[in-house]
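So the structure is just underneath, and the comments pick up after that.
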Amino acid sequence: MSDKTYFITGGGTGGHIYPAVAVADALANQGENVFYIGNPHNLEAEIIKEKDYKFLPVNVKGMPRKIGFGLFTWGMQLSAAVLKCIGYLQKYKPDAVFGTGGYVSAPILIACIIKKVPYMLHDCDAQPGLVTRKLAPKARAVSLAFECAKNSINNKNIYINGNPIRPQFRDLSKPEARKNLSLENKHTVCIMGGSQGARAINDAAVEVIKTLTNKYDVQVIFQTGKKNFERVIEQLIKIYPEYETDKNLLIKPYFDDMVTVLKASDIAVSRAGSLSLSEICASGIASILVPYPHAAADHQRKNAKYMVEQGASLYLEDSDVNEKTLLESLTLLITDKEKLITLQGSAIKLSKYDGVEKIVGQLRNLSE
């Protein structure tokens, strides 16, 4: 039994959950006592079921943007959640707490301030979220994925660690990844809109798949998102009825193993969530980014613009994505080998494979 105990918190979206889980896994693998605090109705609860550490539930929702009765009831819910978290602190006495921002992490971090328990924050976006910005001044340390995010944070102890990502991104080779997916060793494009899908990307992708696989002999891995799979298949049947016999096309609603998918690819068409960008960079692939236009604080657009400034990505607005613009961008990268290699090289330079190790080391320093 370890003599150190850590609370890890982050939930709601993959960008908050997966970095938190990566750190929790690393600590648990080193024999530490780890408790994960999250909303029992969110994705984090499902993921932690498979783990060896304990899940501590806390019921909290995102803050309503409008003043009214909803804001009052939310305030009452938050207060109850903070009291519950104070109980967790008193019962388990963690040496330090690690939070990845978002509304799910707010109650335990507020409880840490009240009980004077040291905590560390990590924010994955170029524009840090509200919880990170508000609670950073009291944090013992703040970890960031992007250098430019420093401008929004009031804390003297800031580290640019990149996002914590899975070790397989470092270890899996491209030929091995392609073999695992029963693909050939040739140009491969990954089209994805996240786990929920992205209608603008999906609609444009359906129009260009036949050209990519037939005219350019390019392999296409297409993740439609679970919500949009049936709609995409209906469209494909009309446009390209022979799609099922196309050996260059691998289409699914969702891939559980995105490490293999990305490592098998040369180019990704993607939203611009920070974790996706970290995984794209770690895979050393060029990207065409289509930021989700309604993301909180417009953080996806800021993430995407940063990638373009670093010479790692091409950029399309959601409202501008169609058959013509997507095919033009993809054709440029498929036919201009020098351009493709330049973008891939810039992505590799932005990759940070040791984010987990750095964060764990910094977290341990808080509890010394």
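The values are calculated or read from the model by the stated rules, or taken from the named source; none is laboratory data. If you're wondering where the values come from, they're calculated on a predicted model, not measured in any experiment. Cβ sites come from the backbone with ideal geometry, for glycine too, and all protein chains shown count toward neighbours.
Can you tell me which residue among VAL259, VAL232, VAL290, VAL308 is out of contact with any strand residue (DSSP E or B) (no Cβ under 9 Å at 6 or more places or on another chain) and either at positive phi or modelled with pLDDT of 90 or more (or both)?
Checking each option against the conditions leaves just VAL259.
Hey, can you tell me all the residues within region 98-118 that are more than 24 Å from SER278 (Cα to Cα), crowded, with 24+ Cβ neighbours inside 10 Å and touching a strand residue (DSSP E or B) at 6+ places or on another chain (Cβ under 7 Å)?
If the condition is that a residue be more than 24 Å from SER278 (Cα to Cα), crowded, with 24+ Cβ neighbours inside 10 Å and touching a strand residue (DSSP E or B) at 6+ places or on another chain (Cβ under 7 Å), then ILE108, LEU109, CYS112 are the ones that fit.
List every residue pair whose Cβ atoms sit under 7 Å apart, with the two residues 6 or more apart in sequence or on different chains, where the first one lies in region 138-156 and is within 20 Å of GLU309 (Cβ to Cβ) and part of a strand (DSSP E or B) and the second, anywhere, is among the charged types (D, E, K, R) and modelled with pLDDT of 90 or more.
LEU144/ASP123; LEU144/LYS150
Is it the case that some residue within region 147-165 is in the same structural domain as PRO118 (by TED's automatic domain parsing) and among the basic types (Lys, Arg)?
yes
Can you tell me how many residues in region 160-172 are surrounded by fewer than 18 Cβ atoms within 10 Å (Cβ to Cβ) and either at pLDDT 90 or above or among the β-branched types (Val, Ile, Thr) (or both)?
1
Tell me which residues, restricted to region 215-230, are within 16 Å of LEU250 (Cα to Cα) and without any contact (Cβ under 8 Å) to a residue 12 or more places away in the chain.
GLU230
Can you tell me which of VAL269, VAL232 is surrounded by 18 or more Cβ atoms within 10 Å (Cβ to Cβ), in contact with a Leu (Cβ under 8 Å, 6 or more places away or on another chain) and not polar (S, T, N, Q)?
Going through VAL269, VAL232 in turn, the sole match is VAL269.
What is the one condition in (1) touching a residue at least 12 places away in the same chain (Cβ under 8 Å); (2) surrounded by fewer than 24 Cβ atoms within 10 Å (Cβ to Cβ) that ILE237 does not satisfy?
(1)
Name the single residue, out of those in region 174-215 being in contact with a Lys or Arg (Cβ under 9 Å, 6 or more places away or on another chain) and part of a strand (DSSP E or B), that is modelled with the highest pLDDT.
Checking each candidate, the answer is THR188.
Return the total of residues in region 234-260 being among the aliphatic types (A, V, I, L, M), out of contact with any Asp or Glu (no Cβ under 7 Å at 6 or more places or on another chain) and closer than 25 Å to LYS186 by Cβ.
Qualifying residue count for the region: 5.
Mind checking which pairs have a first residue in region 185-201 that is farther than 13 Å from VAL269 by Cα and a second that is hydrophobic (A, V, I, L, M, F, W, C) and modelled with pLDDT of 95 or more, Cβ under 6 Å, 6 or more apart or different chains?
Matching pairs, first to second residue: HIS187/VAL218.
Quick check on this structure: which one of LEU332, LEU327 is more than 26 Å from ASN180 (Cα to Cα) and touching a Lys or Arg at 6+ places or on another chain (Cβ under 7 Å)?
Residue meeting the stated conditions: LEU332.
Can you name the helices (runs of 4 or more DSSP H) wholly within region 316-368 that have at least 1 residues being in contact (Cβ under 8 Å) with a residue 40 or more places away in the chain, more than 30 Å from PRO167 (Cβ to Cβ) and among the acidic types (Asp, Glu)?
323-335
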